[in-house]
Amino acid sequence: MIELQNVSLSFSDRQVLNDLSLTLSERRIAIIGANGSGKSTLARLLNGLALPTSGDVLIDGLNTRKKGRDVRRKVGFVFQNPDNQIVMPVVEEDLAFGMKNCGFSTAEIAAKTDEILARYDLSDLREHPAHLLSGGQKQLIAISGVLVMNPDIVVMDEPTTLLDLRNKRRIARAVAALSQTVVMVTHDLDLISDYDRVIAIDEGRVFADGPPAEVIPAYQELMA
């Protein structure tokens, strides 16, 4: 359960989000909006990467202001550009990085690395230099690096923006197969046509909120 209670956020003199109150409990939730609307900032609030100027964000009752570390164990975050997320030079080292920091045993790290690489047909890239992967492979490794930490919720900030059509479809299939709750920020409206809920943000406020069949046409009309 994700709760936003009268959340506002500003940077200097710029108001980015304005008094948002939302309860997010669906399995697949999309956040859409024009560039600069506040949607990516909203996503960052959900695991404490950003903190509200006023109001509270609660993840299963944990306040991101006070329990940021616990929240980040529950909520994984996938960035738009995987190069901002991949921190180690070799694929298997990158997947092991977060697990080592959280005290996973050597056996657990090996087993989880084997499982996630096999899941996405990346086993042959185990010892591959991470910076030489294709865009789609990098994004799958970034997603894998989040999933090996066993989060309950995965937040994705425009994960398909830099990808070609084939890799967009590959990422879409990977996301569809996840057991976790997914909150996705995206401009790709086709990707979210079967989601449980879509929230459209405009100028820091909720413009529309509901099923895709209602919200997407309303958003397209707003952008026309």
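Only the coordinates and a few stated rules stand behind these numbers; no lab work does. Since this is a predicted model, take the numbers as computed values, not measurements. Cβ placement follows ideal geometry from the backbone for every residue including glycine, while neighbour counts extend to all protein chains displayed.
Just checking, which of 43, 50, 34 is of a type in the set (A, V, I, L, M, F, W, C) and either under 22 Å from residue 175 (Cα atoms) or free of Cβ contacts under 8 Å to residues at least 12 places away in the same chain (or both)?
The match here is 43.
So which residues in the range 66-96 are within 19 Å of the chain's Cα centre (by Cα), surrounded by fewer than 17 Cβ atoms within 10 Å (Cβ to Cβ) and closer than 21 Å to residue 138 by Cβ, if there are any at all?
81, 83, 84, 87
Please state which one of 181, 161 is under 19 Å from the mean Cα position of the chain (by Cα), among the polar types (S, T, N, Q) and farther than 30 Å from residue 108 by Cα.
When all the criteria are applied, what remains is 161.
If you scan the range 17-34, which residues turn out to be closer than 13 Å to residue 57 by Cα and acidic (Asp, Glu)?
The one that is closer than 13 Å to residue 57 by Cα and acidic (Asp, Glu): 19.
Please find, among 35, 63, the residue that is surrounded by fewer than 18 Cβ atoms within 10 Å (Cβ to Cβ) and within 20 Å of residue 160 (Cβ to Cβ).
On the way: 63 fails: within 20 Å of residue 160 (Cβ to Cβ).
35 is the lone residue from the list that is surrounded by fewer than 18 Cβ atoms within 10 Å (Cβ to Cβ) and within 20 Å of residue 160 (Cβ to Cβ).
Select from the range 114-153 the residues that are acidic (Asp, Glu) and in contact with a strand residue (DSSP E or B) (Cβ under 8 Å, 6 or more places away or on another chain) and write down the one among them that is farthest from residue 184 (Cα to Cα). Step through it out loud before you land on a result.
To start, the set of residues in the range 114-153 that are acidic (Asp, Glu) comprises 114-115, 121, 124, 127, 152.
If we keep only those that are in contact with a strand residue (DSSP E or B) (Cβ under 8 Å, 6 or more places away or on another chain) as well, we get 127, 152.
Values: 127: 30, 152: 14 Å.
Per the stated criteria, the residue is 127.
Looking at the range 171-224, what strands (runs of 3 or more DSSP E) fall wholly within it and have at least 1 residues that are without any contact (Cβ under 8 Å) to a residue 24 or more places away in the chain and touching a strand residue (DSSP E or B) at 6+ places or on another chain (Cβ under 7 Å)?
Passing ranges, in order: 205-210.
Have a look at 50, 34 and point out the one that is under 27 Å from residue 222 (Cα atoms) and among the small types (Gly, Ala, Ser).
Only one candidate qualifies: 34.
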